[in-house]
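To keep things clear, I will list the structure first and then write my remarks on it.
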Amino acid sequence: MTSSSDRSPAVDVSSPKTYEVRTYGCQMNVHDSERLSGLLEEAGYVPAPEGSDGDADVVVFNTCAVRENADNRLYGNLGRLAPRKASRPGMQIAVGGCLAQKDRDTIVRKAPWVDVVFGTHNIGKLPVLLERARVQEEAQVEIAESLEAFPSTLPTRRESAYAAWVSISVGCNNTCTFCIVPALRGKEKDRRTGDILAEIEALVGEGVSEITLLGQNVNAYGSDIGDREAFSKLLRACGSIEGLERVRFTSPHPRDFTDDVIEAMAETPNVMPQLHMPLQSGSDTILKAMRRSYRQERYLGIIEKVRAAMPDAAISTDIIVGFPGETEEDFEQTMHVVRQARFTNAFTFQYSKRPGTPAATMDGQIPKEVVQSRYERLVALQEEISWEENKKQVGRTLELMVAEGEGRKDGATHRLSGRAPDNRLVHFTKPDQEVRPGDVVTVEITYAAPHHLLAEGTALDVRRTRAGDAWEKRNAAEAAGPAGVMLGLPKIGVPEPLPAATGGCAAH
């Protein structure tokens, strides 16, 4: 840990330096980017104007390594920034995340204009490394092999004033042959339950009304602390936090999805009737090759139990098409599970080699045209099911949490957008009274499309909320802008305790 004596003197400037964070990959990276933004703002930087496209004093790439072309994408983006950096004295570029953890010195060798390379375990060092690179005038590469501080102890700039990610664990103990995450993020490490609940209570005290519990394998929570029912207990504890209206979680693993979790979901009112349960393949043969520790019967059994406990639950999934060795019969087994499970939606992927994974060198790599054909058939089937399932929502009365930036055509159609309890996206007619993101609107569904619902009538009710107040307060503060910033390094180590709140007690 660096002491306060290692900090350089702060300099008062009237024009603060700007930053931009570009995020690739999973929800864990999105959450990490909120921390990176918080660290930079604590150091005195301000966000670059929207659409600046690299025209900032510091540009940070938070990378993902799960796709075969991830490195090509990164170096292409770095190449486009090289001439801009050359013409802009003092500009700095940093690369972090999973690809940085994997490639380390390769990045600086291929792109010597990069100033800082840091890994998944030491995101808290970014401001220190930027300052060191500036003073020493040479690239700083620092990759920690294990977690230095749980990310939630770091300052943050959350993207939303009314909804928040809350990380409950990092890392993963699984050995899926298509995935490189355990090698880059390490073994699972669980956060103390008391610390998780304290963060949630503090967020609710600031106006947040919806939280999503995040982990690489979220429902394995407790394995690190020796309590098999720790996750269901955590869900129930969230139900005791006054002012917390919605609780979600992602992503669970079928191996660890136990009956006590289903019971906790069904019996805790603020835990939403929504489940994202990665399938990956419906074929037992392919699941074995993937080292997925469940089979088709087990998976469909979980879906059946969830639907029995929560008939209106919306269930989504992840599916990989074209895994090495996948036959037409294997693929038909995946189609069978999709027909049986009737997912609300599915995130479907064509298999892509992840360098460094066992699957990348397996025999039986599937020709691109075969993978493409199967992918198109799967997408067509899921589109049909999604539309049929959404049509069942027509005529229902739903409470929506008003969302920000989710309806691209809202301005032209005079609509707003919100999320139903099961996380379906709903576009609704703009009420006469003011409605803010975070407020709650009750509507009747009048039309269904495969990926959204419409509520074209008059809103049945509008409830202004503390979350809406928080959104309004944040927007007012951002509109006012900074009144001069002290530039320099932030305080090093654990930040000041979060304010006390009243009431109440990461895809794999």
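The values are calculated or read from the model by the stated rules, or taken from the named source; none is laboratory data. Everything numeric in this text was worked out from a predicted model, so none of it was measured. Glycine gets a Cβ as well: all are built from the backbone with ideal geometry, and neighbour counts include every protein chain shown. The protein model used for the area step is the full one, side chains on, heavy atoms only, and it has no ligands, DNA or RNA in it. Shrake-Rupley method; radii C 1.70, N 1.55, O 1.52, S 1.80 Å.
Laid out as a table, the results:
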read-out	value
Space enclosed by the convex hull of the alpha-carbon atoms of the range 8-159, per residue, Å³	117
Potential extension, Leu460-Glu329 segment - 0.36 nm per residue separation minus Cα distance	42.2 nm
Sequence ranges 103-110, 259-266, 315-322, ranked by mean other-Cβ count within 10 angstrom, highest first	315-322, 259-266, 103-110
Estimated distance in nm for a label pair at Arg295 and Glu145, the labels positioned 7 Å out from Cα along Cα-to-Cβ	4.0
C-alpha center-to-center spacing [the range 351-430, the range 22-53] in angstrom	25
Long-range HN-HN contacts of Arg291 with modeled amide H, under 5 Å	Thr177
For Arg22, distant residues with modelled amide H under 5 Å away	Val60, Phe61, Asn62
Spatial extent of the range 342-473: Rg and Dmax, with the Cα atoms as the point set, Å	19.7, 62
Mean Cβ count within 10 Å, highest first, over the residues of peptides 77-90, 117-130	117-130, 77-90
Estimated distance in nm for a label pair at Gln433 and Glu388, the labels positioned 7 Å out from Cα along Cα-to-Cβ	4.1
Projected label distance in nm at Ala477 and His414, using a 7 Å step from Cα toward the beta-carbon	3.5
FRET E, pair Gln372, Phe347, Förster distance 25 Å, beta-carbon r, rounded to 0.05	0.90
Dipole magnitude (debye, nearest 20) for the range 39-110, charges at Cβ of Lys, Arg, Asp, Glu	400
Extension gain from His452 to Glu138, taking 0.36 nm per residue of separation minus the Cα-Cα distance	108.1 nm
Placed amide H near Leu244: partners under 5 Å, 5+ positions off or other chain	none
Largest-first principal axis extents, alpha carbons of the range 290-387, Å	42, 28, 23
Distance cut-off 21 Å, percentage of C-alpha pairs in the range 27-113 lying past it	33
Segment Arg22-Asp469, extension gain: residue separation times 0.36 nm, minus the distance between their alpha carbons	158.1 nm
Carbon plus sulfur fraction of accessible area for the chain, probe 1.4 Å, in percent	50
25 °C / 0.890 mPa s Stokes-Einstein diffusion coefficient of the range 93-157, Kirkwood radius on C-alpha pairs, µm²/s	205
³J(HN,Hα) computed for each position of the range 390-396 - Karplus, 6.51 cos²θ - 1.76 cosθ + 1.60, integer Hz, glycine/proline x	5, 4, 5, 7, 4, x, 7
Quotient of Cα Rg and 2.2 N^0.38 Å for the range 179-262, N being how many residues it contains	1.12
Residue-normalised accessible area of the chain, expressed per residue, 1.4 Å probe, Å²	44
